[in-house]
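The values are calculated or read from the model by the stated rules, or taken from the named source; none is laboratory data. Everything numeric here is computed off the predicted structure, so don't read it as measured data. Cβ: placed from backbone, ideal geometry, glycine included. Neighbour counts: every protein chain shown. Ligands, DNA and RNA are excluded from the accessible area calculation, which covers all protein heavy atoms including side chains. Shrake-Rupley method; radii C 1.70, N 1.55, O 1.52, S 1.80 Å.
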Amino acid sequence: MTTGFIGLGQMGAAIAFNIAKAGHPLAVWNRSADKAADLVAGGATLAASPRALGERCNIVMSMLADDAALEAVLSGEDGLLAGLAPGALHVSLSTIAVASADRLADLHRTKGQHFVSAPVFGRPDVAAAGQLAVVAAGDDADIDRAMPLFDAIGRRTFRAGPTPSSANLIKLCGNFMLLSAVEAFAEAMALAEKGGVAKAQLMEVMTGTLFDAAAYRNYGKILVEESYRPAGFAAPLGLKDMRLVSAAAEASRVPMPLLSLLRDHLVETLAKEGEDIDWSGIGLTIAKNAGLSSPPCKGGAGGG
Ligand code: NAP
């Protein structure tokens with residue numbers, strides 16, 4: 001049976017490629033059809049609409065920018081909801097709101113369709129290497145059904161229980177923690193640099209001792225090299241995620257003062273540097289706020 005894939009952006013294209021590489025017959029749909037060209041050249045079929053894709057697949061993965069994009073793809077006459085047969089499974093990989101995942105689960109349930117929410121950790125280069133960490137929540141039998149696909153795209157799949165939105169809550173907590181790590185590292189680097197210690201030196205000591213973790217190694221490298229363009233994870237999407245964290249925190253009455261600071265630094269970075277900068281570009285803002293002059297923003301990073 002053909003697997004469907006919707007959303008061929010930076011992450012989706014890399015993920016869909018690995019699904020095809022693992023030998024799963026693939027049908028794809030993307031709003032901008034030209035992005036499907038490489039996959040179609042490799043044997044995938046291009047569907048005319050999300051509905052047409054759903055009609056021919058019993059399992060469809062989606063990787064879209066945000067809640068609004070997912071809503072646009074699901075709803076209406078040509079939407080995925082109208083195409084999927086009862087019993088078919090939708091696996092949503094996008095980083096969306098907790099409340100949206102709850103709503104999606106309800107929508108699919110009323111149509112007799114199954115839903116697993118499975119947001120991922122890892123930037124586009126990690127996706128291309130098939131090394132994502134997948135956090136999947138939904139019925140165990142549905143996760144089992146999707147497991148061959150998860151194995152094709154990631155190095156590890158975590159099961160986060162029967163409620164799909166639990167996976168989104170974990171993903172949002174993770175992105176909050178990641179940007180907090182970037183903030184802390186960038187502030188420390190500014191302090192080190194003004195005191196005459198190179199950023200690379202600080203990074204070598206910290207990632208070799210107390211902070212020997214992928215988050216610090218990968219983002220530390222971006223901060224040291226100031227490789228904020230092209231963006232692997234664009235700042236507007238990072239801002240979207242902080243907004244989703246904020247909504248979840250408000251709903252649960254959890255004060256998160258650090259979140260407000262991160263949000264402001266993202267907004268400041270977007271205002272001063274433009275929409276095409278990576279979310280870790282808050283490092284540039286932090287350095288400039290410390291009076292450090294920086295060479296023009298270098299390109300090259302992407303991914304992580
Ligand atoms: P991206 O490159 O901007 O791709 C976004 C995708 O959404 C494209 O396929 C785009 O279609 C589609 N889209 C946007 N608005 C749409 C609409 N109104 N209707 C239909 N399709 C629409 O973003 P990305 O970096 O791949 O991120 C995708 C998701 O993964 C986001 O939820 C993000 O938070 C999450 N994520 C990203 C990373 C990362 O490092 N980049 C890591 C983990 C998770 P077009 O091609 O037509 O524009």
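Assorted remarks:
- Across Leu284, Leu46, Leu261, mean-square fluctuation computed from a Gaussian network of the chain (C-alpha pairs under 10 Å connected) peaks at Leu261.
- Surrounding net charge for Gly87, when Lys and Arg each add one and Asp and Glu each subtract one, Cβ distance under 11 Å: +1
- Dipole of the chain, positive direction: furthest Cα of Leu239, Ser32, Val91, with charges on the beta-carbon: Val91
- Shape annotation for the chain: C-alpha extents along the principal axes are 63, 46, 35 Å, from largest to smallest.
- Of all DSSP beta bridges confined to the chain, the antiparallel ones make up roughly 15%.
- For the stretch 2-163, the per residue solvent-accessible surface stands at 41 Å², with DNA, RNA and ligands left out and a 1.4 Å probe.
- Among the listed pairs Lys194/Lys288; Lys199/Lys288; Lys35/Lys240; Lys171/Lys240, those beyond 18 Å (Cα-Cα): Lys35/Lys240
- For the chain, built as a Gaussian network whose Cα springs stay under 10 Å, the top-fluctuating residue of Asn289, Asn175, Asn30: Asn289
- Looking at the stretch 194-291, the GluC sites (Glu not before Pro) that sit in a DSSP loop and have at most 12 other Cβ atoms within 10 Å of their own Cβ are Glu275.
- Percent accessible area from carbon and sulfur atoms, the stretch 115-190, protein chains only, probe 1.4 Å: 59 percent
- Helical segments meeting 15 Å axial Cα length and Kyte-Doolittle 0.0 threshold in the chain (DSSP H): 10-21, 140-153, 165-194, 235-251, 257-273
- The stretch between Glu275 and Met147, if pulled fully straight at 0.36 nm per residue, gains 42.5 nm over its current Cα-Cα span.
- Per residue, the accessible area of the stretch 168-289 comes to 47 Å² when a 1.4 Å probe rolls over the protein heavy atoms.
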